[in-house]
Amino acid sequence: MSRQQPTEPYPRQPYRADIDARHDIAIANCEDCGDEFDLANTDPRTRVCAPCWDRSLEAIEIAFLDNYARFGAKAHRTVAEALFRSQALADPDDRKVIGMRIVEEYLNAAQDLMALYVALRRRHEQPLLTTFTNFELSAPSVAAFRILTAGRTSDELLRDLQLPTLADVDAARDDIPRKEWRQFAGAVLAISNGIERVQKVDQGVLLELADGLKQSTALTHKMDWLPERAMNPDQVALVVLNQRRRVLLTHSLAVHEPQLEVFIDAIDKITAAARDLIWLYLHVRDTVALEDPQPGRS
Ligand SMILES: [Zn+2]
């Protein structure tokens, strides 16, 4: 009896180079304005020109931010707190997995707040949504953020974002309802607190972890199976195989309860800062729109 050849479960498709090749027709007509636009650097299914696309993003900016402030920003805190509560009932190994996921939520929240800051700062150059959704936590982006924000007072941060500072609002204190002044002062404090917590991401191990998480989700609770590696009993590690460098990287992290409490507190401060930064920006937009009732851009 001849041995049956094992069939390949996922037969390989021949690579079709023409999918990625440039197209013969590189010009299309925009569905919104009718103008011709170049398809060269876009997906061939693109239907609108770049200016129309930017305008459509600007049109949903307020609604997006309002929704994000109410839901998306808070989501990181909701998940992290639920994980933290579930830790109490988990066994020691599961606690490590949960701990790592809490740190991931810290990284996600930090990325969002940095993205929001940079997007607001660049809002006159490109749609806020474009910067916000394309922002990626990486060594260069974190270093750039640090240069923008480290050692700055809250008023300097707000001035950098072209938003009213506490000094501006203090100067107009007699004209502003007391409740609104207090809300403003609270928001300013929350923003600088959150930014301070985000800067902690600029510690090698967290950045390497953020980078590693893009490539791997494989966790380990001990390293005795790896030559010349060791970790403490309260640590968990991410295992990343870097094929190009032919190295196996491990990023270990302490996930004991006091450490996780620090992360939970940071997530709380960071999400509050995102919410208040959006509140402040939308409030300023509303005020400017009231003062300047010109048609067009609001
Ligand atoms: Zn167009």
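Only residues that are touching a Ser or Thr at 6+ places or on another chain (Cβ under 6 Å) and either acidic (Asp, Glu) or assigned to a helix (DSSP H, G or I) (or both) were counted in the range 238-291, giving 1. Taking helices (runs of 4 or more DSSP H) as the structural unit, those lying wholly within the range 151-207 and holding at least 2 residues that are closer than 30 Å to VAL239 by Cα and of a type outside the set (Phe, Trp, Tyr) correspond to 178-199.
Of the residues examined, GLY186 is not one that is assigned by TED's automatic domain parsing to the domain that holds VAL103, in contact with a Lys or Arg (Cβ under 9 Å, 6 or more places away or on another chain) and either modelled with pLDDT of 90 or more or on the phi > 0 side of the Ramachandran plot (or both). Considering the range 90-142, the residues that are of a type in the set (S, T, N, Q) and farther than 22 Å from SER56 by Cα include one that is surrounded by the most Cβ atoms within 10 Å (Cβ to Cβ), namely GLN111.
Scanning the range 44-89 for residues that are within 16 Å of the ligand (Cβ to nearest atom), assigned to a loop (DSSP other than H, G, I, E, B) and exposed (fewer than 13 other Cβ atoms within 10 Å of the Cβ) yields one hit, ARG45.
Just to check your reading of the model, which residue among ALA80, ALA17 is in the same structural domain as ARG197 (by TED's automatic domain parsing) and either at pLDDT below 95 or within 28 Å of the chain's Cα centre (by Cα) (or both)? ALA80 is the lone residue from the list that is in the same structural domain as ARG197 (by TED's automatic domain parsing) and either at pLDDT below 95 or within 28 Å of the chain's Cα centre (by Cα) (or both).
Just checking, does the range 190-205 include any residue being touching a residue at least 12 places away in the same chain (Cβ under 8 Å), in contact with a strand residue (DSSP E or B) (Cβ under 8 Å, 6 or more places away or on another chain) and either within 23 Å of ASP112 (Cα to Cα) or not assigned by TED's automatic domain parsing to the domain that holds SER86 (or both)? Looking for residues that are touching a residue at least 12 places away in the same chain (Cβ under 8 Å), in contact with a strand residue (DSSP E or B) (Cβ under 8 Å, 6 or more places away or on another chain) and either within 23 Å of ASP112 (Cα to Cα) or not assigned by TED's automatic domain parsing to the domain that holds SER86 (or both), one finds at least one in the range 190-205, hence yes. Just to be sure I understand, how many residues within the range 25-43 are β-branched (Val, Ile, Thr) and near the ligand (Cβ under 9 Å from one of its atoms)? Final tally of qualifying residues: 0.
The values are calculated or read from the model by the stated rules, or taken from the named source; none is laboratory data. Predicted, not measured: the structure shown is a model, and the values here were computed from it. Using ideal geometry, Cβ is built from the backbone for each residue, glycine included, and neighbour counts are taken over all protein chains shown.
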